[in-house]
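Taking it in order: structure first as structure tokens, then the write-up.
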Amino acid sequence: MSLLSEIGSLILVYHNVSINYAYNTALLLHHTLWLLLIVRQFGYTKQLYLVPVSFFIFGVCNLIFGEGIDNFNCNTFIIGSFMYLIVFIAESFRQLQRENFDFFSAPSYLMLFAPVMFFLGLSFEFSFRNYELGNSLVFGLVRLYTFISYFVNIIYYTFLIIYIVKVNQPKYAR
């Protein structure tokens, strides 16, 4: 999805159109897919599928009527991130209450944990809506947004790669 977002951004830049079209679409799909995955993975009832559906409806409404299509939709990112985190934390506590400790060492938990730092880090960055803050220098010529973005993406993709490696080991092969 990120590759398609970047290709879409390049096409939009070539045609002198705001890249926020591509990023807002990718953001909406990214968060919706993660919410669908976590709800499906935890085996919740059909009523909890209202979480990704309501997020998608909110995201589309925010895109059309709220922050608009020309601006990056910070509210959509933040709301989707916190919806994911709430479901993730609630399920983690439920498994702790059941004393199901194997749950926390399973590859599926690692996969579902992967976007947590990504969602938290970038939500804190976007929640301030202060572009000067994001452009402030942290280390030498490294800007705060660049530092946070690289840091959370490294963690995000590292956990996904570890998940892929663990799943492909014979112990977890299907």
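Assorted remarks:
- Filter pass, residue 151 being touching a helix residue (DSSP H, G or I) at 6+ places or on another chain (Cβ under 8 Å) and either without any contact (Cβ under 8 Å) to a residue 40 or more places away in the chain or not hydrophobic (A, V, I, L, M, F, W, C) (or both): yes
- Qualifying residues in segment 17-46 (those that are open to solvent by 60 Å² or more (accessible area, probe 1.4 Å) and at pLDDT 90 or above) - the one farthest from the chain's Cα centre (by Cα): 36
- Residue in segment 146-157 that is open to solvent by 60 Å² or more (accessible area, probe 1.4 Å), assigned to a helix (DSSP H, G or I), farther than 25 Å from residue 71 by Cβ and among the hydroxyl-bearing types (Ser, Thr, Tyr) present: yes
- Top-ranked residue in segment 51-98 [being among the charged types (D, E, K, R) and either part of a helix (DSSP H, G or I) or open to solvent by less than 50 Å² (accessible area, probe 1.4 Å) (or both); ranked as nearest to residue 122 (Cα to Cα)]: 67
The values are calculated or read from the model by the stated rules, or taken from the named source; none is laboratory data. As the structure is a prediction and not an experimental result, all values here were calculated from the model. With ideal geometry, Cβ positions are generated from the backbone for all residues, glycine too; neighbour counts draw on all protein chains shown. Side chains included, ligands, DNA and RNA excluded: accessible areas come from the protein's heavy atoms. Shrake-Rupley method; radii C 1.70, N 1.55, O 1.52, S 1.80 Å.
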